[in-house]
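Enquirer: Have a look at this one.
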Amino acid sequence: MNPSASPRPGLREVGPYDSPQLEVAARLNTNECPLPLPVGFSDDLADAVRELPLNRYPDGQMRALREALAARTGHGIGGVWTANGSNEILTQLLMAYGGTGRRAALFEPTYLLHRRLCWLTQTEIAEHLLDPPFEIDDGAIAWAGTSGADVAFVCSPNNPTGNVQPIDAIRSLASGSDALVIVDEAYVEFGGETALPLVAEHPNIAVVRTFSKAFALAGARIGYVLSSPEVVEDLQRVRLPYHLSALTQAAGLTALRHADEAAAGLDAIRTERDRIDRALSQIDGVTVFPSQANFVLFQPPGDAKELWHGLLDRGVLVRDLTDVVPNGLRVTAGTTHEVDLFLKALEEVLR
Ligand SMILES: *Cc1c(COP(=O)(O)O)cnc(C)c1O
């Protein structure tokens, strides 16, 4: 037999990064938006797609989409950049500012993908464990200053804990060094304050956002970054040619035309989030972490993995985060019906 190809050292020690995608009554494990897209969105998108010259490469500078984002955010177009989901934005940022011989600071517990992308781009990791309420405090800032990091990740509101990071902490991280401070604001539309106003004074801050959560467009794969023009110029050096398809650019533009309608639906999700928080708080032995996002992290009284299975048996899929937060489960704020199913199943399993 011929020898099989030998991959990069360590590659086969890691598995693919996935969350289960199961057909269940209540899929509450990936923080998607449960609301339908705004009325007229699909027709507008279909019209836009019909007009696309798909025999040509798309606009590699994504001008129309970046202009629309600049108009919506009030940020100069030179500091706006888009890609296939914020995950690709984060990858491009690490390709430009991380890499071999470079180091990224992580405040744990946080979004698992940050660590994963460091591995992918061969960026060394320095980590600091935060205790509840998981805020980046003076000690954490002092640690970052001595960590030798070239990149620092902040996630606010933080996934999976739901808390917001103080703007002052982000400012201190950015002024304390020339590291690139990446602020992942995937959930900012649900609560908390944006770090965007800091960018004007701190060109080493990159605010990263997504259409996957509040815009209800996880399937379209669109993310963007708001930073200084220098950072965007550096991303131009690492991007693939024409990385964002004409179809995706059209979807992003159409979504921005309907952005106000999409935002109007978010109150309903916050209401469900707060209902989950209240219901969980009333159960003996449950620890609930206050959330400003569209999900709630909690620790059940018994074994979280057993509860996870019990919920799944009843058609409710939540996120098992026991690898990240001891005995932690995370539930997405879905529709009223989905949340009812979750609370009913929870009561049955815990009884
Ligand atoms: C869901 C999520 C994202 C979104 O990634 P996309 O690639 O834009 O879908 C980014 N960051 C965090 C912290 C998330 O939870």
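Enquirer: Which three extents, in whole angstrom, do the alpha-carbon atoms of region 81-237 cover along their principal axes, largest first?
Expert: Cα extents, longest axis first: 39, 33, 30 Å.
Enquirer: OK, next. Please sort 18-31, 173-186 by packing, taking for each peptide the average over its residues of neighbouring beta carbons within 10 angstrom, highest first.
Expert: Highest-to-lowest ranking by the protection proxy: 173-186, 18-31.
Enquirer: Under DSSP H, which helices of the chain have Cα atoms covering 24 Å or more of the helix axis and a Kyte-Doolittle average no less than -0.5?
Expert: Span-like helices here: none at all.
Enquirer: In percent, how large is the relative contact order of region 61-219, given Cα pairs closer than 8 Å and 6 or more residues apart?
Expert: Reported as a whole number, the value is 18 percent.
Enquirer: Given H placed on each backbone N at 1.01 Å, which residues far from residue 206 in sequence or on other chains put an amide H within less than 5 Å of it?
Expert: Residues meeting the amide H criterion: 181, 182, 183.
Enquirer: Suppose the Debye formula is applied to equal point scatterers at every Cα of region 233-351; what is log10 I(q)/I(0) at q = 0.13, 0.15, 0.18, 0.19 Å⁻¹?
Expert: Results for region 233-351 at q = 0.13, 0.15, 0.18, 0.19 Å⁻¹ read -0.65, -0.75, -0.88, -0.94.
Enquirer: Then there is this: What do you get for Rg/Rh over the chain if you use C-alpha atoms and the Kirkwood form of Rh?
Expert: 0.97
Enquirer: Ranked by Cβ crowding within 10 angstrom, fewest neighbours first, how are 91, 287 ordered?
Expert: Fewest to most other Cβ atoms nearby, the residues stand as 287, 91.
Enquirer: For the chain, with a Gaussian network of springs between Cα atoms less than 10 Å apart, report the residue from 134, 41, 190 with the top mean-square fluctuation.
Expert: Maximum among the listed residues: 41.
Enquirer: Quick one: if you stick a label point 7 Å off each Cα along the C-beta vector at residue 42 and residue 230, how many nm between them?
Expert: 4.7
Enquirer: Which length gain, in nm to one decimal place, applies between residue 126 and residue 245 when the Cα-Cα distance is subtracted from 0.36 nm times their residue separation?
Expert: Length gained, residue 126 through residue 245: 39.3 nm.
Enquirer: Something else: In whole percent, what relative contact order does the chain give with Cα contacts below 8 Å and a gap of six or more residues?
Expert: Answer for the chain is 22 percent.
Enquirer: While we're here: May I ask for the distance between the Cα centers of region 270-332 and region 246-262, given as a whole number of Å?
Expert: Each part's Cα centre sits 32 Å from the other's.
Enquirer: GNM, the chain, Cα, under 10 Å: largest mean-square fluctuation among 241, 53, 34?
Expert: Its mean-square fluctuation being the largest, the pick is 53.
Throughout, read-outs are computed from the coordinates displayed, never taken from laboratory work. Since we're looking at a predicted model, the values are computed, not measured. For neighbour counting, all protein chains shown are included, and Cβ atoms are generated from backbone atoms with ideal geometry for every residue, glycine included.
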